[in-house]
Amino acid sequence: MAASPHTLSSRLLTGWGGGCIWYLERRATRESPRRFLHLLRNVNQQWVTFQHFNFLRRMYVTQLNRSLKQQIKPKPEPAESPFLEKTSLDETKTEICEMRPLVPPSLSLSRKPSEKALMELEPTSVIEGSRALGKETKEEKQWKEMKLRADDLPGILARLSKIKLTALVVSTTSAGFALAPVPFDWSCFLLTFVGTGLASCAANSINQFFEVPFDSNMNRTKNRPLVRGQISPLLAVSFATCCAVPGVALLTWGVNPLTGALGLFNIFLYTCCYTPLKRVSIANTWVGAVVGAIPPVMGWTAATGSLDAGACLLGGILYSWQFPHFNALSWGLREDYSRGGYCMMSVTHPALCRRVALRHCLALLAMCAAAPALDVTTWTFPVIALPINLYISYLGFRFYRDADRKSSRKLFFCSLWHLPLLLLLMLTCKRRAREEGVEAPQS
């Protein structure tokens with residue numbers, strides 16, 4: 001029986017040192033690594049050279065580690081795309097199981113194929129199956145045009161027209177109509193209500209049509225219908241036209257020409273001045289405030305047929321209210337606006353943004369105090385409106401001083417309930433001077 005090389009090399013060493021080496025070699029092939037190191041520590045004072053230790057280490061690695069196999073770490077599955085349809089686990093397993101037992105037609109079904117043939121067929125079937133799956137996945141990842149269904153159209157058009165902003169415009173117009181010191185005419189009110197709503201839908205739709213390339217860069221606006229391709233630009237422009245023409249016609253011939261002219265001017269100001277100015281200058285905020293101040297003036301002119309001090313007062317209140325509202329909102333969206341390329345005060349002039357918001361919070365106090373002097377409300381109104389005006393002024397000061405997201409968020413949410421409550425207080429304290437003057441001669 002032939003002896004192993006390491007056994008022969010140990011026999012060449014004579015004496016007590018060679019016996020120790022031979023003993024260590026035999027124990028190294030049977031004991032665990034800890035036992036092996038323990039034995040080396042016990043004989044560390046004997047004449048064992050570095051070459052002997054190197055030989056024992058190589059022998060131990062080659063003989064004892066043969067049973068160790070490299071474990072393959074499974075490859076993590078790629079994350080599913082949100083645009084692909086999710087398939088169930090059962091369907092996937094069924095497809096894989098159906099792909100593996102591929103047998104060529106040349107083999108007879110009666111006789112069982114040999115193991116060698118199966119081993120040759122298995123890699124081929126796996127490759128073909130993976131190619132089929134890759135082809136299907138590639139086809140699914142390709143861009144597909146979204147089909148517009150009739151059930152989804154009302155919701156898409158509502159988002160295209162910014163239905164919440166349109167509701168705010170219509171409510172301020174209704175407040176201006178109700179605050180006018182004349183008898184309430186329901187037919188005129190309904191025409192004003194519908195005409196203003198259609199004009200607002202048209203302006204908002206055209207605004208989204210112009211801002212598609214920039215809205216796609218902002219998290220706040222990237223899910224708008226035109227950005228996602230839910231409707232075509234032609235359909236959006238057609239919808240805006242179908243809203244603008246009857247809206248302006250209702251305001252002009254159904255109410256009065258002054259209100260129709262204001263509605264048409266507001267559409268032009270919002271779409272042709274405010275929208276392009278957002279990428280040029282911070283003056284867009286002041287132009288946008290004028291756009292938001294016109295609807296209550298339209299409600300006043302629809303009821304009275306004239307522009308007087310009361311209409312200007314309502315427009316001034318809405319004009320000043322928009323600065324704390326929008327400046328606080330844009331403060332939390334500075335990253336979004338800068339990513340979209342918009343020139344906003346909160347991005348380019350943050351100190352001016354906070355200063356203007358505080359200034360117009362204080363201006364609300366002055367305009368509410370001027371309401372009874374202009375015969376719009378009684379003197380009770382500035383007194384009962386003082387607490388909410390002081391509170392929004394305090395939040396405006398906190399926003400000016402702290403300049404953080406927390407203070408801006410508080411000011412923004414306060415502005416959401418401040419305006420409706422202020423208009424409601426004005427309605428409760430409304431002065432009916434002209435109505436009383438009309439009834440006096442009849443009596």
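The values are calculated or read from the model by the stated rules, or taken from the named source; none is laboratory data. What you see is a predicted model, and the numbers here were worked out from it, not measured in a lab. Here the Cβ is made from the backbone with ideal geometry for all residues, glycine too, and neighbour counts use every protein chain on show. These accessible areas exclude ligands, DNA and RNA; they are computed on the full protein's heavy atoms, side chains included. Shrake-Rupley method; radii C 1.70, N 1.55, O 1.52, S 1.80 Å.
Sort through CYS368, CYS353, CYS361 and tell me the only one that's more than 35 Å from the chain's Cα centre (by Cα), under 20 Å from ALA289 (Cα atoms) and in contact (Cβ under 8 Å) with a residue 12 or more places away in the chain.
CYS368
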>> Checking the conditions here, which among GLY247, GLY263 is more than 27 Å from VAL376 (Cα to Cα) and touching a Gly at 6+ places or on another chain (Cβ under 7 Å)?
In response: GLY247
> What is the residue count in segment 330-343 for residues that are outside any helix (DSSP H, G or I) and not aliphatic (A, V, I, L, M)?
Replying inline: 4
>> For segment 392-435, give me each residue that is of a type in the set (S, T, N, Q) and surrounded by 20 or more Cβ atoms within 10 Å (Cβ to Cβ).
In response: SER407, SER408, SER415
>> Being of a type in the set (S, T, N, Q) and surrounded by fewer than 15 Cβ atoms within 10 Å (Cβ to Cβ): is that true of SER338 here?
In response: no
> Residues of segment 295-307 being part of a helix (DSSP H, G or I) and surrounded by fewer than 24 Cβ atoms within 10 Å (Cβ to Cβ), which ones?
Replying inline: THR304
> Taking PRO276, is it under 21 Å from THR166 (Cβ atoms) and out of contact with any strand residue (DSSP E or B) (no Cβ under 9 Å at 6 or more places or on another chain)?
Replying inline: no
> If we keep just the residues of segment 217-248 that are more than 30 Å from THR259 (Cβ to Cβ) and free of Cβ contacts under 8 Å to residues at least 40 places away in the same chain, which is surrounded by the fewest Cβ atoms within 10 Å (Cβ to Cβ)?
Replying inline: LEU234
> Name the pairs: first residue in segment 297-320 and on the phi > 0 side of the Ramachandran plot, second residue open to solvent by less than 30 Å² (accessible area, probe 1.4 Å), Cβ to Cβ under 8 Å, at least 6 apart or on different chains?
Replying inline: GLY305/ASN256
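May I ask you to say which residue of ALA440, ALA357 is hydrophobic (A, V, I, L, M, F, W, C), more than 19 Å from ASP308 (Cα to Cα) and modelled with pLDDT under 95?
That would be ALA440, the only listed residue that is hydrophobic (A, V, I, L, M, F, W, C), more than 19 Å from ASP308 (Cα to Cα) and modelled with pLDDT under 95.
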>> For the structure I just gave you, tell me whether PRO324 is in contact with a Ser or Thr (Cβ under 6 Å, 6 or more places away or on another chain) and farther than 26 Å from ARG405 by Cβ.
In response: no
